[in-house]
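Notes to accompany the following structure.
The values are calculated or read from the model by the stated rules, or taken from the named source; none is laboratory data. The structure displayed is predicted, hence computed values, not measured ones. Note that each Cβ is placed from the backbone with ideal geometry, even for glycine, and that neighbours are counted across all protein chains shown.
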Amino acid sequence: MKYFPTIGLEIHVQLATKSKMFCRCDNNAEGKAPNTVTCPVCMGFPGTLPVGNKQALAWGVQAALALNCEVNKFQRFDRKNYFYPDLPKGYQISQFFFPVGENGQITIDYQPDTGAERKEFSVRIKRLHLEEDAGKLVHGKDGTLVDFNRCGTPLMEIVTEPDMHDSKDARAFMQELQRIVRTLSVSMADMEKGHLRVDANISLAPEGSSELGTLVELKNMNSFKFVDKALEYEVKRQTEVLEKGDRIIKETRGWDEKTGTTLSQRTKEESTDYRYFPEPDLPPIVITDAEIAQWKNKLPQLPADLRRQAVDKGLPYGRVIELQDAGNLGKVLDLLDTNKSADIYVTANWVNKEFPKAKYLEDFVLTVKQHNLSNNEALQLYDLVKKHKLSPSELVDKIEKIDETAINAAVQAIINAHTDTVAQYKAGEKKVIGFLIGQVMAKLSGKADPTTVKEILERILGETRPTI
């Protein structure tokens, strides 16, 4: 029997506000000694009162709008009661009954593997709510210690509907969500640093079944790669359990990157176990249509929109993704908008380089196009700009160019010196041309354009077929 996986995600995003969610402690504790970025409020001392972070609310609303959620004009914080060593109050202030937003949806467009066709699917967003983070447990040889620096950090939790059926789809959704929150500038969203954390809910059911299988929650996946691997392993594990005729247990399992397996941690809690009730120390939040419209107007262009523009301008999809994940796609499109004569390929290739002045990038792109510079000549120009700290257009005449006559002479010399390799090429082993190109480039001290060298080599060698 074949089994069909169904996956839903719960994602926590640490918001990059200046202060914590309900107190004025510094929200940036990175690199600071344990338990030094705390106060009586985030430590839950008796008699202290929380005060909401207005910036966190604004960013929560903007994120909800970016995910096409319905924003609730009435919101309220609740107490989520549970005992754990990293939760000093014995409860977490969260939003359960009236979250920031609900009923959203985003469309994911991605390429599962190199050379594969692009895939498109939609994921519904069940809810987006705000809450405070807990502390951090630090496990060592002699026991476990608690660092409360993270306690009270503003969190945005995004819960999806179970709309994914493949580990690569879940990974693609997480990558797109990371791009969105980074575009909004609400979080650094670095998974390795815990700014972006994900729990996955996965179940298996027989293909064609209208019922979902027993839900298993997966935790401790701190990279996109581990999200992919943990889900793949869990599909395999649950399939084997079901094929034996055994039952899947509703539980929470943790991903162990050392063994490449998931391990049972505890039975899965229900929402009733947390005994939610309204937070008595915080008043409800009421926002107006005008405020929502104001936040909506501040939204930047989202990643999917930028990708469409770049593809429409002729950039290959894979290159677009590379630029976007490096944070450079917006720069490329902005430059093309300000100067229509700029070359998109040259811009894409040089946008990540450091220029002494920001305006030099645009000048560089235009100079390369106007003077029809080869890749090697463009590199020479870039080195001159870095050295002299002058504009590319002022330095273009200093480029040492190799004319085609010199390249022809060097190509002929290498052909004469490597007759065995030439014979291999003419016998059909076309890949050996790479060796010949390298020899020509070395003879010309790397100053020629490899593409031009290749073209001249192919022209001189011709397409002679081997004698049969």
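When Gln424, Gln412 are screened for being touching a residue at least 40 places away in the same chain (Cβ under 8 Å) and part of a helix (DSSP H, G or I), only Gln412 passes. Among the residues making up segment 370-403, those that are crowded, with 17+ Cβ neighbours inside 10 Å, among the aliphatic types (A, V, I, L, M), over 33 Å from the mean Cα position of the chain (by Cα) and over 24 Å from Gly438 (Cβ atoms) are Leu384, Leu395, Val396. When only residues in segment 204-230 that are of a type in the set (Ser, Thr, Tyr) and farther than 24 Å from Gln175 by Cβ count, which is surrounded by the fewest Cβ atoms within 10 Å (Cβ to Cβ)? Restricting to residues being of a type in the set (Ser, Thr, Tyr) and farther than 24 Å from Gln175 by Cβ, the top hit is Ser210. The residue pairs whose first member lies in segment 260-289 and is touching a residue at least 24 places away in the same chain (Cβ under 8 Å) and crowded, with 16+ Cβ neighbours inside 10 Å, whose second member is aliphatic (A, V, I, L, M) and part of a loop (DSSP other than H, G, I, E, B), and whose beta carbons are closer than 8 Å, counting only pairs six or more residues apart or on different chains, are Lys268/Leu215. Is it the case that some residue within segment 217-225 is touching an Asp or Glu at 6+ places or on another chain (Cβ under 7 Å) and among the basic types (Lys, Arg)? Yes, segment 217-225 contains a residue that is touching an Asp or Glu at 6+ places or on another chain (Cβ under 7 Å) and among the basic types (Lys, Arg). Every condition in (1) assigned to a helix (DSSP H, G or I); (2) of a type outside the set (A, V, I, L, M, F, W, C); (3) closer than 19 Å to Leu177 by Cβ; (4) modelled with pLDDT of 95 or more is met by Glu322 except one, and the failing one is (4). Screening Phe83, Phe22, Phe4 for residues that are at pLDDT below 95 and either surrounded by 19 or more Cβ atoms within 10 Å (Cβ to Cβ) or touching a Leu at 6+ places or on another chain (Cβ under 8 Å) (or both) leaves exactly one candidate, Phe4.
I'd like the full set of residues that are of a type in the set (A, V, I, L, M, F, W, C) and closer than 13 Å to Val37 by Cα, limited to segment 147-159. Scanning segment 147-159 gives Phe148, Cys151. Give the residue, chosen from Thr239, Thr259, Thr272, Thr252, that is out of contact with any helix residue (DSSP H, G or I) (no Cβ under 9 Å at 6 or more places or on another chain) and either part of a loop (DSSP other than H, G, I, E, B) or basic (Lys, Arg) (or both). Of the residues listed, the single one that is out of contact with any helix residue (DSSP H, G or I) (no Cβ under 9 Å at 6 or more places or on another chain) and either part of a loop (DSSP other than H, G, I, E, B) or basic (Lys, Arg) (or both) is Thr259.
Before we move on, is Lys353 in contact with a helix residue (DSSP H, G or I) (Cβ under 7 Å, 6 or more places away or on another chain), closer than 28 Å to Leu444 by Cβ and not in a helix (DSSP H, G or I)? Taking the combined requirement at face value, the residue satisfies it.
Among the candidates Gly314, Gly327, the residue that is assigned to a loop (DSSP other than H, G, I, E, B), closer than 30 Å to Trp59 by Cβ and at pLDDT below 95 is uniquely Gly327. The residue that is modelled with the lowest pLDDT, counting only those in segment 90-122 that are small (Gly, Ala, Ser) and loosely packed, with under 14 Cβ neighbours inside 10 Å, is Gly115.
All conditions in (1) closer than 20 Å to Arg127 by Cβ; (2) within 21 Å of the chain's Cα centre (by Cα); (3) buried (at least 21 other Cβ atoms within 10 Å of the Cβ) hold for Ser167, with the sole exception of (1).
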